[in-house]
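Step one of this worksheet: look at the structure below.
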There are 4 protein chains.
Amino acid sequence: MIRILVTGGTLDKEYNQLDGELVFTKTHITDILRQAKCTAQVSIETVMLKDSLHMSDADRECILERVKACPEDKVVITHGTDTMPETAAFLGQQLSGKTVVLLGAMVPYSFVNSDALFNLGCAFSAVQLLPEGAYITMNGKIFSWDNVRKNRQKGEFETLD
Amino acid sequence: MIRILVTGGTLDKEYNQLDGELVFTKTHITDILRQAKCTAQVSIETVMLKDSLHMSDADRECILERVKACPEDKVVITHGTDTMPETAAFLGQQLSGKTVVLLGAMVPYSFVNSDALFNLGCAFSAVQLLPEGAYITMNGKIFSWDNVRKNRQKGEFETLD
Amino acid sequence: MIRILVTGGTLDKEYNQLDGELVFTKTHITDILRQAKCTAQVSIETVMLKDSLHMSDADRECILERVKACPEDKVVITHGTDTMPETAAFLGQQLSGKTVVLLGAMVPYSFVNSDALFNLGCAFSAVQLLPEGAYITMNGKIFSWDNVRKNRQKGEFETLD
Amino acid sequence: MIRILVTGGTLDKEYNQLDGELVFTKTHITDILRQAKCTAQVSIETVMLKDSLHMSDADRECILERVKACPEDKVVITHGTDTMPETAAFLGQQLSGKTVVLLGAMVPYSFVNSDALFNLGCAFSAVQLLPEGAYITMNGKIFSWDNVRKNRQKGEFETLD
């Protein structure tokens, strides 16, 4: 059984026709898993729907509490890309006994060319195979929380060295 | 470095406007990896473009030879779903020293609701994390070659027991 | 008020995951009109769901009867492309007092690159503006029933001269 | 021959992965016409790429000049929805001898559920059938420049009465 914690980020952004803004209304994780024809057992929990630039320490504390509180020891977290490494580090330093994999999208699921499905697929295999710890799966790569950053010029994740 | 061997299957089927049939013209793997924003190093090789119902022992022998011949020890294979377990078993019994992950799609990449990206994401993490052997990543699950079948009534992969 | 008569054709074909065939299960016209944000008043009636290569004279008679029977004098008909000109001629020769516009798609609505929405848009304006008669809107053009054929080599509609 | 004048609007907005904003980079009209399998002869001219809330009188003057200057007497204009009625009125009051049809989209073409194709289809038939004047095709309806407004609460176009 895999727990999916939803926290927001580009992946779940939608187009608001009335004002032309990208907004959150609900998570698309259920739609994505249906398209993915996923038969792995999952339990989905929306913790928040936030742009990760607006995530505070209290938000990260809240995510940590949800990871600790859930009965599953395999946890996938959808998250905005801008501060994903910060949240991964926060979880990696304070958690034990669970495997946590964070993923997001550079292009919202509601766009034609979204990377959401691919990244979620990467996270699904990773959470089932990796030992305890906090990880990020983006761009087809698997990063440990203590060796990852987002290169904002390129819009890609990379190791520190 | 990951080798991707393309063998065909539903994933790469396209609509032929002139006769209304689903056909192969070329692989879409490059398009999929672009959409996925994959920065992992890959080397793509089209071995064949076949419906897996039409795959012969000679075809499987050919795939095995390509796996053995490539310099990479991590190999992802796109494959039709109908005989994917047979090819996985063929490879699993005869290979050593390489990690091979097969994936396909229940709905072609050219359709709105394809599972291709998700399954390829699952395969990418799996090939990087699993020990040598032959595996299948479908439906968000990871199967070993000796414990998998396609349930054709449900259109899903499952373990034998 | 516009009557929409559904008769099948490529536009409504779907992918059957269990056998890999393109099949009819239901019309997608309601989904298309929702995506189109259409606020024009319409009344949708499914007459049949057939590949137009399999349409018989009895089928065309049936379509003619539905056109005559409906209270609206503006009728849009979704139809397979292969014999669309034949049905248009059948209706054009026998109808009076109504404007009928036939359209279909070269690529099913369920594919990423479908022309269904565009062709339906062409039909919607045409049916509101044209005098009585039978017409086809395909490829961004408007054809009268007595001057149109499908060029099967090109997969396009053209005038006879 | 139909002239297509591109002025921007939601239809052409794209997602900028680096900052998460919706921006203009280029028009998608060529892509849309390819998907539409349009064989009608068109000549495409990008006049500007602007959000219609930022359109000035000078911009409208510029559009008017382009309409007057082009050799075609059938002109389709892509335009943001917010001030589309204003531009239609500006053109309707000052033009003669040409049929001009404005259209836009409530959801960008780069989104899964865009209405762009449908609206462009409506405009294509309308421009070929209507007498001289300025019109808007949105929501499956055809509006004359002197009897249309955008209902911003509903995100729909409607007549004044």
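The values are calculated or read from the model by the stated rules, or taken from the named source; none is laboratory data. These numbers come from a predicted model, not from an experiment. For neighbour counting, all protein chains shown are included, and Cβ atoms are generated from backbone atoms with ideal geometry for every residue, glycine included. Accessible surface areas use protein heavy atoms only, side chains included; no ligands, DNA or RNA. Shrake-Rupley method; radii C 1.70, N 1.55, O 1.52, S 1.80 Å.
Summary of computed values
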{"quantity": "Straight-distance crosslink candidates among aspartates and glutamates, where the alpha carbon sits under 12 Å from A:Lys150 and sequence neighbours closer than 8 are dropped", "calculated": "A:Asp82, A:Glu86, A:Glu158"}
{"quantity": "Average beta-carbon neighbours from other chains, 10 Å sphere, peptide B:19-26", "calculated": "3"}
{"quantity": "Accessible surface, 1.4 Å probe, highest first, among residues C:Asp146, C:Asp51", "calculated": "C:Asp146, C:Asp51"}
{"quantity": "Nearest-10 value in Å² for the accessible area of C:Lys154, using the 1.4 Å probe", "calculated": "130 Å²"}
{"quantity": "Surrounding net charge for D:Ala58, when Lys and Arg each add one and Asp and Glu each subtract one, Cβ distance under 15 Å", "calculated": "-2"}
{"quantity": "Per the axis that maps chain B onto chain A, nearest residue of B (Cβ criterion) and its distance in Å", "calculated": "B:Gly121, 1"}
{"quantity": "Label point 7 Å beyond Cα along the C-beta direction, distances from A:Gln94 to other copies (nm, shortest first)", "calculated": "5.4, 6.2, 7.6"}
{"quantity": "Shape of the stretch A:1-98, Cα gyration tensor, a/c cut at 1.5", "calculated": "oblate"}
{"quantity": "The stretch C:75-81 - phi-based ³J(HN,Hα) in whole Hz, Karplus 6.51/-1.76/1.60, Gly and Pro as x", "calculated": "10, 9, 10, 7, 7, x, 7"}
{"quantity": "Estimated vicinal HN-Hα couplings, Hz - the stretch C:152-159 in sequence order (Karplus 6.51, -1.76, 1.60; Gly, Pro = x)", "calculated": "6, 5, 8, x, 9, 8, 8, 7"}
{"quantity": "Per-residue mean of C-beta atoms belonging to partner chains within 10 Å, peptide C:120-133", "calculated": "6"}
{"quantity": "Other copies of D:Asn16: label-to-label distances in nm, shortest first, labels 7 Å along the beta-carbon direction", "calculated": "2.0, 4.5, 4.9"}
{"quantity": "Estimated inter-spin distance, B:Ser96 and A:Gln94, nm [label 7 Å along Cα→Cβ]", "calculated": "4.9 nm"}
{"quantity": "Heavy atoms of C:Glu61: accessible area, 1.4 Å probe, square angstrom to 10", "calculated": "80 Å²"}
{"quantity": "Neighbourhood charge, 9 Å Cβ-Cβ cut-off, centred on D:Met138 and excluding it, Lys, Arg +1 and Asp, Glu -1", "calculated": "+1"}
{"quantity": "Nm distances between copies for C:Ser56, ranked from closest, using label points 7 Å along Cα→Cβ", "calculated": "4.2, 6.9, 7.3"}
{"quantity": "Value at 222 nm in deg cm²/dmol, rounded to 500, when DSSP H runs of n ≥ 4 in chain D each add -39,500 (n - 2.57)", "calculated": "-8500 deg cm²/dmol"}
{"quantity": "Residue-count net charge about C:Thr25 - beta-carbon cut-off 11 Å; Lys, Arg +1, Asp, Glu -1", "calculated": "0"}
{"quantity": "Phi-based couplings in Hz for the stretch C:48-56 (Karplus 6.51, -1.76, 1.60; Gly and Pro marked x)", "calculated": "6, 10, 10, 5, 5, 5, 9, 7, 9"}
{"quantity": "Accessible-area order (highest first, 1.4 angstrom probe) of the listed residues B:Lys26, A:Lys74", "calculated": "B:Lys26, A:Lys74"}
{"quantity": "Computed over chain D: relative contact order in percent, which uses C-alpha pairs under 8 Å that are six or more apart", "calculated": "24 percent"}
{"quantity": "Surface share of carbon and sulfur [accessible, 1.4 angstrom probe, percent] for the stretch A:25-109", "calculated": "48 percent"}
{"quantity": "Förster radius 25 Å - calculated FRET efficiency between A:Asn113 and C:Thr25 (Cβ-Cβ, nearest 0.05)", "calculated": "0.35"}
{"quantity": "Separation of the A:Asn151 and D:Leu160 label points, Cα + 7 Å toward Cβ, nm", "calculated": "5.8 nm"}
{"quantity": "Heavy-atom accessible area per residue - the protein assembly as shown, 1.4 Å, Å²", "calculated": "38 Å²"}
{"quantity": "Partners for D:Lys50 among lysines (Cα-Cα distance below 16 Å; same-chain residues under 8 apart left out)", "calculated": "D:Lys13, D:Lys26"}
